[in-house]
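The values are calculated or read from the model by the stated rules, or taken from the named source; none is laboratory data. This is a predicted model, so every value here is computed, not measured. For neighbour counting, all protein chains shown are included, and Cβ atoms are generated from backbone atoms with ideal geometry for every residue, glycine included.
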Amino acid sequence: MLVNEHVRFGEGGTGDPATGDRPLLYREGDLWYAVFTTEYEFDPSITFHPSEEEVGIDLGIISFAALSDGTFIENPHVYRNAEDAIKEAHHKVHRRKKGSHRRARAKKELSRLYRKARNKRRDFLHKASHKLIKQYGTLVFEDLHIDTMTKAPEPKQDEHGNYLPNGAAAKGGLNKSILDAGWGTFVMICSHKAAEAGGKVVKVSPNGTSQACSGCGCVVPKDLSIRWHSCPHCGCELDRDQNAARNILQRYHMQKQNGAGSVPQRSLVGGL
Ligand SMILES: [Zn+2]
C-alpha cells in the first residue's frame with residue numbers, strides 16, 4: 001500500500017476496527033507494512049472435518065516431515081539456498097565505509113535477501129500445512145520444545161567416565177536447519193488451519209519416539225547419524241523418521257485408549 005501525506009498514521013497500534021485503533025506500522029528495509037486486524041464469525045462447533053484420518057508427523061532435518069502413512073514432505077532449505085548470497089551481502093556491508101552511500105545500498109540489498117528467504121519459507125509452511133489439513137482430520141505432532149532442542153546438547157559420559165559421541169557436533173550444525181525449517185511456526189499454522197477446518201492438532205510426548213520400534217515397541221538405540229530403523233526383535237525395517245511418525249500416531253491412540261484423551265491445541269491466531 002502506498003502511504004502518502006493524506007493518510008495519517010500514529011505511532012502504531014493494533015489496527016482493531018472495534019476500538020478504532022490505528023494499524024500497526026513497521027518497516028523492513030525500504031518497505032513499509034501496515035497490519036490491520038479484522039474480525040469474522042467463526043463457530044468451531046458447527047465445523048466438521050470431512051476426514052477421520054489421523055496422521056503422525058515427525059518433523060525432521062533430512063525431510064521436513066515424515067508421515068506415519070509413509071509419505072514425506074521434503075525440506076525446501078530455503079535459507080540454505082539463500083545462505084551464500086546472504087553471507088556475501090553481509091561481507092559487502094562490512095567492507096564498505098561506515099556512513100557511505102555504498103554501505104547503505106549494501107544494507108538494503110541484505111535486508112531484501114533476508115525478506116525473500118523469509119517469504120519463501122512462510123509460503124512453504126502455509127502450503128505444506130494446507131495440504132495436511134485438507135487430507136487429515138487429526139494431525140499428531142511431538143510436543144517439542146524448540147528452545148531446548150536448539151541448545152548445544154550436554155556431553156554424555158559412559159560408565160568409565162569417557163565422553164560418548166552424542167551427536168553434539170552434528171546437532172550443533174543442525175541448529176540452523178531446525179530454525180530454518182520453522183517447526184514451531186509450522187505447528188502453530190497447522191493448529192490455526194485445523195481449527196478453521198474442523199480438524200485438530202494434538203501433541204504427544206516426544207520421549208523415545210525415534211528409539212522405540214513402531215512394530216513391536218522394543219527399544220532399538222540409534223544415534224542421530226543412523227537414518228534407518230532396523231529392529232532385531234521383530235524384523236521391522238523402515239526409515240528412522242517414518243518409524244518415529246508411526247510411534248507418534250500410536251502414542252496418540254494409546255492416550256485415547258487410556259482415556260487420557262488428547263488436548264486439542266489452542267488455535268493461535270497470529271499474523272501469519
Ligand atoms: Zn520391532
So Ser230 ticks every box in (1) of a type in the set (S, T, N, Q); (2) within 16 Å of the ligand (Cβ to nearest atom); (3) under 24 Å from the mean Cα position of the chain (by Cα) but one. Which box is left unticked?
(3)
Please go through the range 189-214 and give me each residue that is within 16 Å of the ligand (Cβ to nearest atom) and within 24 Å of Glu52 (Cβ to Cβ), ordered by number.
Thr209, Ser214
Pick out the one residue from Arg115, Arg105 that is in contact with a strand residue (DSSP E or B) (Cβ under 8 Å, 6 or more places away or on another chain), more than 30 Å from Gly199 (Cα to Cα) and part of a helix (DSSP H, G or I).
Arg115
Tell me which residues, restricted to the range 233-251, are within 12 Å of the ligand (Cβ to nearest atom) and surrounded by 15 or more Cβ atoms within 10 Å (Cβ to Cβ).
Cys236, Leu238, Asn243, Arg246, Asn247
In the range 215-227, what residues are touching a His at 6+ places or on another chain (Cβ under 8 Å) and either among the basic types (Lys, Arg) or more than 10 Å from the ligand (Cβ to nearest atom) (or both)?
Lys222
Whether any residue in the range 45-67 is assigned to a helix (DSSP H, G or I) and modelled with pLDDT under 90 is what I want to check.
yes
Do we find that Ala194 is in a helix (DSSP H, G or I), modelled with pLDDT of 95 or more and within 18 Å of the chain's Cα centre (by Cα) in this structure?
no
Conditions first: (1) in a loop (DSSP other than H, G, I, E, B); (2) surrounded by fewer than 21 Cβ atoms within 10 Å (Cβ to Cβ); (3) in contact (Cβ under 8 Å) with a residue 60 or more places away in the chain. Ile226 passes all but one, so which condition is the exception?
(3)
